[in-house]
Amino acid sequence: MSIDVTFITFLVSAATAFALGAVPAAYIIGKLNGVNIFEVGSRQAGATNVWREVSRKHGAIVTAIDVVKGVAAILIAKYMGLVDLELLVPAAAVIAGHWNSPFTKFKGGDGVATMMGAAVGIAPPTVFISFAVGLVIAVTMNRKLNHPSLFGGIAGYAVFIALSFRPNSNIEPGVAYGLTGIGIAIMLHSMYFHKRHKEYFRSDVSIEDEDPEQTLRQDGLS
């Protein structure tokens, strides 16, 4: 542990990170465009839901904001003196804030983009490559998967682990394991939400694709 780092340092860094994570970017962007993000799509305040239910442009904006939240939480913690394994504390806190924002009655999103931001703050070169891979997969698979950001995150972490354990890697094994643990927590959180709210993820046929005559017969109006 760093000499000048105390319990108060950890407490303040965690509280600051939680507050940053709790900023409900997806909810705010949705509201500014007349959409309550908790009432459409997956009912989660995340970039994927905004991308699908508001617009791709606004989804990209939310992604950027969520990434910045994670990066900012780590940079502030570094400024306070935290290093290496100690940075896992604010990393976990910023995700917790994203999951349980007090500004939206303790509702939030998966936290994949925020996690990526925190990881970039901890290990910039390695995680940047991993983040790029995860982002490409999330964007290209957006219409084919219920949780494209989750699968993008998994792919990004696979690359991260491969790069972290190279012979010339400058990342401590504990940091790699810690970030992986947080990533697994995000995956389990997402899977639990999906299982608990299966009705939000049904691939219903859109009205535009339905046969009008069939719809009338089903409604008993023919």
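Observations
- Within segment 9-61, tally of residues that are at pLDDT 90 or above, aromatic (Phe, Trp, Tyr) and over 15 Å from the mean Cα position of the chain (by Cα): 1
- Looking only at segment 129-142, and only at residues there that are surrounded by fewer than 16 Cβ atoms within 10 Å (Cβ to Cβ) and at pLDDT 80 or above, the one that is farthest from Glu53 (Cα to Cα): Ile129
- Among residues of segment 92-118 being β-branched (Val, Ile, Thr) and within 23 Å of Gly41 (Cβ to Cβ), the one that is modelled with the highest pLDDT is Ile95.
- The set of residues from segment 59-104 being of a type outside the set (Ser, Thr, Tyr) and within 15 Å of Gly30 (Cβ to Cβ) comprises Gly59, Ala60, Ile61, Val62, Ile65, Asp66, Phe103.
- Flag if Ala15 is surrounded by fewer than 16 Cβ atoms within 10 Å (Cβ to Cβ), under 20 Å from Val68 (Cβ atoms) and aliphatic (A, V, I, L, M): yes
- When each of Ile171, Ile76, Ile65 is tested for being closer than 20 Å to Asn49 by Cα and β-branched (Val, Ile, Thr), the lone residue that passes is Ile65.
The values are calculated or read from the model by the stated rules, or taken from the named source; none is laboratory data. These numbers come from a predicted model, not from an experiment. Please note: Cβ atoms are built from the backbone with ideal geometry, for glycine as well, and neighbour counts cover all protein chains shown.
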